[in-house]
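See below for the structure under consideration.
Where a number appears in this text, it was derived from the coordinates with a stated rule and is not lab data. The model shown is predicted, which means the values in this text are computed figures rather than measured ones. All Cβ positions, even for glycine, are placed from backbone atoms using ideal geometry, and neighbour counts span all protein chains on display.
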Amino acid sequence: MRRNKLSMAASVAYVWIAMVAFGGILVETIIIYPNVFHDVPRSLAESMDFFVVTGPADFFPPMGAVTVLAAITTVILLWPARRARLWVGASLLSLVVGEFLFSMLFFWPRNDIMFEEGIAVHSVEVLRQAAFEFQTGHWVRLAMSALTASLAFTGLLRYHRDTMAVDVEPATIR
């Protein structure tokens, strides 16, 4: 019973973290990126001036690490619950492949082009192309984040249903 409570708490925490991460990516997509990419290269320079104190790069890497840690912890704690473990394991897979690896392989080079090297190294056309690719790819990242949160939530529901079925005996009919 004690392990069930710990497993449930970890699963709830993971779902909450995954949903907060998804919400952050959604806000970034709908509110921040239209401003960052509306007039490349000028808007890139303006966004760098705006994000002097803190920006997405200060939030998402630590948030991603916390999300991965929560997912791994939840998979370990839910290991005996096979049906829930499969859903949470799938969410971990979508998180690592669809968000982390995709970000590392696709977004990081474009971030370097747009925000590190910028107009001093690249033509306006290269910057615009990188911005277009970044925005297009970001919809994939948003979808993967939604998938991660949805799979984590489904795992939580499966675990809850499975543990409730064990903990509660059906009422007898008289």
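Take the residues in the stretch 8-45 that are in a helix (DSSP H, G or I) and touching an Asp or Glu at 6+ places or on another chain (Cβ under 9 Å); name whichever of them is surrounded by the fewest Cβ atoms within 10 Å (Cβ to Cβ). Selected residue: 35.
Taking first residues from the stretch 89-104 that are more than 12 Å from residue 143 (Cα to Cα) and partners that are of a type outside the set (Ser, Thr, Tyr) and buried (at least 18 other Cβ atoms within 10 Å of the Cβ), the Cβ contacts under 6 Å between residues at least 6 apart in sequence or on separate chains come to 89/75; 90/151; 91/151; 91/152; 92/71; 92/75.
Residue 124 meets each of the listed conditions (1) surrounded by 15 or more Cβ atoms within 10 Å (Cβ to Cβ); (2) in contact (Cβ under 8 Å) with a residue 40 or more places away in the chain apart from (1). Looking at the stretch 78-170, the helices (runs of 4 or more DSSP H) lying wholly inside it that each contain 1 or more residues that are hydroxyl-bearing (Ser, Thr, Tyr) and out of contact with any Asp or Glu (no Cβ under 8 Å at 6 or more places or on another chain) sit at 82-93, 124-167.
Which of the residues belonging to the stretch 57-74 are surrounded by fewer than 22 Cβ atoms within 10 Å (Cβ to Cβ) and under 21 Å from residue 6 (Cβ atoms)? Passing the criteria: 66, 68, 69, 72, 73.
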